[in-house]
Structures are given as structure tokens and as C-alpha cells.
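To start, the structure under review is shown below, and the notes come after it.
The values are calculated or read from the model by the stated rules, or taken from the named source; none is laboratory data. Fair warning: this is a prediction, and the values are worked out from it, not measured in the lab. Neighbour counts are summed over all protein chains in view; Cβ atoms, including those assigned to glycine, are modelled from backbone coordinates with ideal geometry. Protein only, heavy atoms only, side chains kept; ligands, DNA and RNA dropped before computing areas. Shrake-Rupley method; radii C 1.70, N 1.55, O 1.52, S 1.80 Å.
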Amino acid sequence: MNKTMINITLPDGSVKQYEACVTGLDIARSISNSLAREVLSVTVNGEVLDVNRPIRSDATLRLNKWEDPEGKHAFWHSSAHLMAEAIEALYPGTKFGIGPAIENGFYYDVDPGDEVVITDSDLPRIEEKMKEIASEKHPFRREEVTKSEAMEFFGNKGDEYKTELIDELEDGTISFYRSGSFTDLCRGPHLADTSPIKAIKLLNVAGAYWRGDENRKQMTRIYGVTFPKQKMLEEHLELLEQARQRDHRKLGKELELFTFSQRVGQGLPLWLPKGAQLRERLENFLKKVQREHGYEQVITPHIGQKELWVTSGHYEKYGKESFQPIHTPQEGEEFLLKPMNCPAHLEIYRYKPRSYRDLPIRLAEFGTVYRYEQSGELHGLTRVRGFTQDDAHIFCRPDQLKDEFKKVIDIVLLIFTTLDFHDFTTQVSLRDPEDMEKYIGTEANWEKAENAILEAVEEKGMEYTVERGEAAFYGPKLDFMVRDALGRKWQLGTIQVDYNLPDRFELEYIGEDNQKHRPVMIHRAPFGSMERFVAVLIEHTAGKFPLWLAPDQAVILPISEKYYDYAEKVSNFLKNYDIRTLIDGRNEKIGKKIRDNELKRIPYLLIVGEKEQESSSVSVRRQGEGDQGVMKLEEFARFMQSEIRNQLGSTGTDV
Ligand SMILES: [Zn+2]
Ligand SMILES: [Zn+2]
């Protein structure tokens, strides 16, 4: 019998012939044994599969290694199974929810029964068991099952979580993966066997509601991470430790920037004086930049009539999920907390007739919005229920769109450079060419908008990726992702074109032709929100803010009580130069004062004693850099001012 041959196209475009039913692993082996050892999953015609799944017909093939997200994903997802197997061995009768791979590792939601509690102190024992099983090199075996077989298996096992999941699946699409004594309902893909999982660390235990529903059972979520090499694990743990040190929740408390009060309500940050100062300075900086770019500040209320949100479409999006309406006692009016600032700005546009000569109109507001988040989702300043957007809406003619877009990009770039975010990526989101039905607005306008964005990023010489199908239904957009000092990615600013809201609110301007036309709208928020931005800034700088932004710029340390009066004199002198100072007048040894104040991340430490008092000077230490020598007071003030000028560049020093 003749063997059927199939063509396999590799990523470099080369085509090789193999017998049908060849596996990705066979193909890797045919290239080199070392490659075969590194392959963790394969992508066949765009679908990620196990390395040992037979390929039956012509296909494109990519071999995914550790460096590829699809490779890591298979590795970590397999590790979740491994952990489940260990837990089942140690805690017989445990029921299992879901166990996915996540960005940095994996978790599994488990229910060990009401009698058993798994805590952080149990993790080493589970880890040991995992290592033992991994070294036994259990293969992951895929098995396609019918829905009734699947139901029967997990029904007999008494795992109601799995049967609930199976119930929602379509017959003919269900598979099990077996490894060692453990069987899971799973789509895959998995590693060929457990042996590549060499380094294992279970990180922590948390509570998680089954299916994220707080009315359902709270399960035990166990997080872990694994690597093919011990050294990689050690590096990762070091990074986690650094991230822990920089955690904005920890630093926010230590630096007295913000707090939360259960009595005020969860997810509602309280900005402490130092944090409020920092935020105000950021706002002033942005206001100044915006003023120079022709923006006008407006102020709008925190609530709006329900009808407003129905008109804008936000009621549909946020209404049911969001906070409950507020009713007036006599008039029967219904208000909602605002989830967005846009509708009020649209009404400001509408309050008088506009001509083509008035456009563009740029309305800016630091507008606080409220959105419901489940309590379990709240996280420091990055996931909150009330936050302030550095919002603005630009209303312009279609022919002005590109220029306006470029100006917004200028603002975003200026902010990034001023705040030392030099590593960022941008993504242009366009329509899905396969599904043009779902977008509103005319074809001509979309063309114009998409080209405007693409030309704007090109003309700005920016590096960008294009994602087709990622546009909002109302318009294309440009997103900015910054990479922080630890290499973590954060989504920050966004610029969006919108044809929808001007339509819904029937915005008009009188054109040169004396006819009515509809303006285009741009939504933009370079920081995203003040809360999120400050959180990212804290973690990026580890709380060592640039001098212009630091809540306290210098702390004066008299070496003994005798020099307290001189310290006050220095403080008053620097105040005349708008330099913000503190005095550490505690009766402590100077060495201790220096150490304590270094921890507070105050940029300059000024030590004063006999010598300094006599010569009207200060001994200067730069935080983290040590002694900078003695400077006359005026010399020091000018030195500070020039550092600030350098940091703020063209935006000036009066923020
Ligand atoms: Zn699985
Ligand atoms: Zn908006």
C-alpha cells in the first residue's frame, strides 16, 4: 500500500514532505534532536495543538518553544494539571473547577471539601508531590469522549463543577486529558509528558468564587509558576520580589500617598495630602500642556439623568452592571453616577450653534467617573470603583482629523518623555475586513479615519502594530502600552475616533457651503486615569519620583537641636524658590536620620551644622547617590531649579 504524503509548510516558507499522520514532534526530530527537546506545542493551520497530535493533511506548521507564548502556555497549563494531580493524591475527594495558564504561570480553583482548608503553609508539600510526579515522566494522553461518557465519568467522581461545565458543551467537541492518575476535562494542548517541568514554585492561595459569581461557592485558588530550568525560576522569583518591593499599594502606604477606608467603601481611594499634591502637580502639568495645544477646561456633574445614558448607549453597556439609580423624592427623576464624561461634553458642544470656523473644539476635564467592579476584582489604584480620567473630547471636521490626531500624539509623547517612560509600543486598531456589517458610520468616513490614524503614526515616525478587527464599533483607535522598569507592560493612554456619539446626539456645524454637517469626535486620555497612572508611576520609579513631581523635594537634617533655627532659615529661603522642604527635627543621631529619610525617597537630604550655618550653606546628599558636597544656599536653589527645568523641558517649571 502506498503511503500518503503531505506537504508541511514551515514559517520560513520552506515546504517539506512527510507521511500523513506525522506529528509535530516527529517533524522537530527530523530537523534536530535538540529542537525536538525544546518544542512545547505546535501551531497547525493557526490552531495550537499537542506536539504528538497526528497531522493528516497539508498544513502550515510552527513549532512553539519556551520563547513563544503558545509554548509557555502549554507548559503552564500542563503544570496546572500536574498540580491538580498532586492535590488529588494529597487531598482525596477534592473537586476541581478550572485551571488555566495565565500571563505568568497558572492557577487551579479547587474545592477540597468543607472539612479541609488549604493554606500557604501547605504549598511546599504540594510542590514536593508535584516534583515527584513530574520526574516520573507521565505522558499527557488525549482522549475524545462523548458528552454522556464525560458526564458519567465526572458524575461518578462526584465533581459537580466539571459536570456543570460539560453540560454547556456540545457533544462531539469534548476531550479528556489523562496524566498519571489524574483525568481532566480539557481542550488542551499539553506537553508530551511531565518531564520538562523541572522547577516548581507555588506562590499563594486565594479565594475565588466559582465562575466569578459571589452567590456561588468560594473555591480555593492556588497560584503557581514553573520553568524548564531552576535558574529561570530563581530569576523570576527575584523579579517578583522586586515587584513586591515596588508594589504601589505598599509604597502608597509607606510614602503616605493614598489609603482606603472600609467605612468610605471599597474601591474608593482616599488621596492623602502628599498624594493629592502629587496628583495635582500631574494635573497642572497636563493642563498646561493642553492649554498650549488649544484645549479648554470644562466642569460637569458627577451624575446625569438616566435618559442621557440611554441616548449615549452607556446605559446598555454599564446600566445593569453598574450602580443603582438615584431617585429624587418628589419629581420622580432618575439619575445615574456617570461612568463616562463624554455625554456631558457633547451637550456642551450642543449648547449653541457651531460653524466650521469654530472647529476644532477641544474640551478637557479631569472628570471623576464611577463604574461597578466586583469586590474580588478590586486592586489598589489599578482597579477601583471611582477614578478620575484625564479626559478630553475633540470635535472637528473630517478634514481636520489627521492634524488633530497628530497633536494628540504629540501630547502623549511629551508626557511619556517627561515621566521617563521611554519603552512603549503602540497599536492601531482597525475594522475587521471580514465583518464590515457591525460598524456604524459611512464607509467614506471610516476610510478617512483609518487613513488619518495610519498617516499620523507614520508621519510621527512611530513604531506600531496594526490589529484588524480590534476597532470599536464606533471608530478606529490608537493605544499606548508602556513597559516599566521591570519590563512589565501597562496599557495607558488611548486615542479613539468616534462617529457614533455625534450621531446619537445629533451634533452639527454649519459648513462653508451653508449646509449642516456632522463633526467627528476624538476621545483621548493620555494617562488613562489619574489613579492608574499614579500606580504605574509608583511601580516604574519605585517611588523615586522625578524632582519636579516629588511631594517633598528636600529634607533638612540639623545635626543637633542647636541648629534647628538654621534649618528653618534654610527652609524659608528655599520656599522663596518654590522648593518644597521638610525638617527632620527629631533628636536622633545624624546617621539614623539619613537612613530613615533615604527610605522616604526624598530626592535631596540637606545636612546642616556649625560649618554650614557659618557659611550660609548646606551639605547636600542625593537620594541613593550619596554626598554631593557643600553648596551655598543660593547655589543649591539654582541647582534644583535647573534640574527641574531639564526634567520638564519645554513645558516650563511653573507646574
Ligand atoms: Zn488541560
Ligand atoms: Zn469619551
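Values as computed for the structure displayed
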read-out	value
Positive minus negative residues near MET340 (Lys, Arg vs Asp, Glu; Cβ under 10 Å)	+2
Between region 307-348 and region 368-425, the alpha-carbon center distance in angstrom	22 Å
Between 0 and 90°, nearest 10: helix 273-292 axis offset from the chain longest Cα axis	80 degrees
Additional length obtainable on full extension of the chain from ILE590 to GLU292, 0.36 nm per residue less Cα span	102.7 nm
Packing-based order for 304-310, 336-342, using average beta carbon neighbours within 10 Å, highest first	336-342, 304-310
Rounded tilt (10° steps) of 633-648 against the dominant C-alpha axis of the chain	40 degrees
The chain, accessible area per residue, ligands and nucleic acids excluded (1.4 Å, Å²)	49 Å²
Placed amide H near ASP193: partners under 5 Å, 5+ positions off or other chain	PHE140
Computed label-point distance, nm, for sites ASN45 and GLU170 using a 7 Å Cα→Cβ extension	1.6 nm
Global form of region 157-299, assessed from the alpha-carbon gyration tensor, a/c cut-off 1.5	prolate
Over the chain: helical MRE at 222 nm, DSSP H runs n ≥ 4 each giving -39500 (n - 2.57), nearest 500	-10500 deg cm²/dmol
For SER617, net neighbour charge (Lys/Arg +1, Asp/Glu -1) across residues whose Cβ lies under 11 Å away	-2
The chain: C-alpha gyration tensor shape, a/c 1.5 cut-off, then a/b vs b/c	oblate
Relative contact order %, the chain, counting alpha carbon pairs below 8 Å whose residues are six or more apart	8 percent
Rounded FRET efficiency, nearest 0.05, which uses the C-beta distance separating MET481 from LYS460 and R0 of 25 Å	0.95
In degrees, nearest ten, helix 401-418 long axis to first principal axis of the chain (Cα)	80 degrees
Above-threshold pairs, the threshold being 29 Å between Cα atoms, out of LYS95/LYS317; LYS477/LYS516; LYS162/LYS229; LYS569/LYS589	LYS95/LYS317; LYS162/LYS229
Sites GLN330 and ILE299, calculated FRET efficiency, Cβ-Cβ separation with R0 30 Å, nearest 0.05	0.65
Portion, in percent, of the accessible area of the chain that falls on carbon or sulfur, probe 1.4 Å	47 percent
Shape of region 517-572, Cα gyration tensor, a/c cut at 1.5	prolate
Integer Hz, Karplus 6.51/-1.76/1.60 couplings in order for region 311-316, x for Gly and Pro	4, 6, x, 5, 4, 4
nm² value of the averaged projected area, convex hull over the Cα atoms of region 549-655	6.3 nm²
